[in-house]
1. Please go through the range 92-115 and give me each residue that is in a helix (DSSP H, G or I) and within 24 Å of Pro143 (Cβ to Cβ), ordered by number.
2. Given the criterion at pLDDT below 90 and closer than 27 Å to Gln257 by Cα, identify the matching residue among Ser336, Ser326, Ser296.
3. When the range 284-330 is examined, which residues are found to be out of contact with any Asp or Glu (no Cβ under 8 Å at 6 or more places or on another chain) and polar (S, T, N, Q)?
4. Within the range 208-259, track down each residue that is among the hydroxyl-bearing types (Ser, Thr, Tyr), within 31 Å of the chain's Cα centre (by Cα) and crowded, with 21+ Cβ neighbours inside 10 Å.
5. Among the residues of the range 106-131 satisfying the criterion of being in contact (Cβ under 8 Å) with a residue 60 or more places away in the chain and of a type in the set (Gly, Ala, Ser), which is surrounded by the most Cβ atoms within 10 Å (Cβ to Cβ)?
6. So is Gly351 at pLDDT 85 or above and in a helix (DSSP H, G or I) or not?
7. Go through the range 80-92 and report how many residues are free of Cβ contacts under 8 Å to residues at least 40 places away in the same chain and touching a helix residue (DSSP H, G or I) at 6+ places or on another chain (Cβ under 9 Å).
8. Give me the residue from the range 301-345 that is polar (S, T, N, Q) and assigned to a helix (DSSP H, G or I) and, out of that set, surrounded by the most Cβ atoms within 10 Å (Cβ to Cβ).
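The values are calculated or read from the model by the stated rules, or taken from the named source; none is laboratory data. Since the model is a prediction, treat every value here as computed from it, not as a measurement. Virtual Cβ from ideal backbone geometry, glycine too; neighbours counted across all protein chains shown.
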Amino acid sequence: MNSRILATVAIVATLVSSGTQRASADIGDAIAGGIIGGIIVGAINDRNGTRRTAPHREPSAPSAARQMARSIQTALNHFRFNVGAVDGVLGRQSRAGIRQYQAYLSFPATGELSEFERQVLLTAYERAALGGPQVTQVTATHPNGIRGLLDTVRDEMLGVSRQPVVEAAAPAAPPAPVAAAPAVPNFFAGQSSATTVSLASRCNRVALVTSANGGFTNLDTMTDPVFALNEQFCLARGYAIAEGETLVAQVPGATAQGVAQQCAGLEPLLQPYVAALSLQPRNAVLQEVAQFVLNSGMSPTDLAGTARICLSSGYLSDNMTVAIGSAMVLVALGESAYGELPGHHLMQGIGAAQRPDLAQDWFTNALATQSAGPTEVAFRPGPDGRNELILAAARAANGPAVSPIAPAAPAPGTVNSK
């Protein structure tokens, strides 16, 4: 099978320098990275975009060979053979990762890839990047998880069938009849309201009403807390989209379509955490997301920048799994302000089951500690007292039994991106 090397998309990842202020850096020739089937590996060699001359700099490899090396490093990182930064240089750490990969598939552990071994690695990586039901099934059922794709591709290329051989057996006496449990019919399979509601359409309608009302609802004018939350939800969505588009615009050669296609590869990886959002308390969900972050093999800086881009892409394409999952990754990285977004999704039942009770904790942790002043508001522009408005509206929408909100500590297991 011929392999096709995926073109990588360079991303810029600039961390929040404080809880609400972000610094931007020019992208130079030294930024390299790519979205890899749900795991993005980036290397930022020069944050300011300036060239530096090292006294003993290693000569650059030809661009084609360097690109191939990057593809190999990217694939090895994706399958958890950690080789560190994707720099296009197959050094000591990369050779060690190659040997681990070779040993896993029972190839000679030489540290040098044969053409067949390279084909298996890159074809499996490409398939993982594209995603789909087969990838999800292999990942979920194989004892080695995502690495099971390597076994599958190797066997396909060798023409090895994995179908079990069933030996003929003598006819057995029919078993005694057992009453079957009644099947539960599902009249809405594949049509869950949590996934079919279009947030883009919702926000278009909300914008029309806001315009007719002469502006956003504030604490003094609020009569409908649910609509007030809808306004702020759509405001935050618009801010997240604009932030991601700004980052993508700085990436040479990047297109919205290409980014959307690669961010969509995150969906099967993020789906379990998004599903847990409607079932488990905030801290329990974030502990699982934090484990995902730690296992990604990426630096917090690269993962945070990627999450912002995919958050924007998810909202633009109405892919709620990618949007919600990206927001939760940012919260797990220590950027608690983005926890407002899962709160809105739970409150409105968009992309998640409607759980106002669970939404309250997300709002509390995202906003209650940021009410010191207007510069600490997570998503702007918006009305003065935006955080207080959201907290008051959430309490009102959730019923009078909700206790007053107090600042809370970050969830256990979160990873600080600063």
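1. Looking only at the range 92-115, we keep the residues that are in a helix (DSSP H, G or I), and these are 92-104, 115.
Selection gives Ala96, Gly97, Ile98, Arg99, Gln100, Tyr101, Gln102, Ala103, Tyr104.
2. Numbers: Ser336 fails: closer than 27 Å to Gln257 by Cα; Ser326 fails: at pLDDT below 90.
The match here is Ser296.
3. Gln287, Gln291, Asn295, Ser296, Ser299, Thr301, Thr306, Ser313, Ser317, Ser326 - these are the residues of the range 284-330 that are out of contact with any Asp or Glu (no Cβ under 8 Å at 6 or more places or on another chain) and polar (S, T, N, Q).
4. none
5. Ala128
6. Numbers: at pLDDT 85 or above: yes; in a helix (DSSP H, G or I): no.
So Gly351 fails the test.
7. Filtering the range 80-92 for residues free of Cβ contacts under 8 Å to residues at least 40 places away in the same chain gives 81, 83-84, 89-92.
Filter again for touching a helix residue (DSSP H, G or I) at 6+ places or on another chain (Cβ under 9 Å), leaving 81, 83-84, 89-90.
Selection size over the range 80-92: 5.
8. Initial filter on the range 301-345 (polar (S, T, N, Q)): 301, 306, 312-313, 317, 319, 321, 326, 336.
Add one more test, that the residue is assigned to a helix (DSSP H, G or I), and what stays is 301, 306, 312-313, 321, 326, 336.
On the way: Thr301: 17, Thr306: 31, Ser312: 28, Ser313: 28, Thr321: 21, Ser326: 29, Ser336: 24.
By that ranking, first place goes to Thr306.
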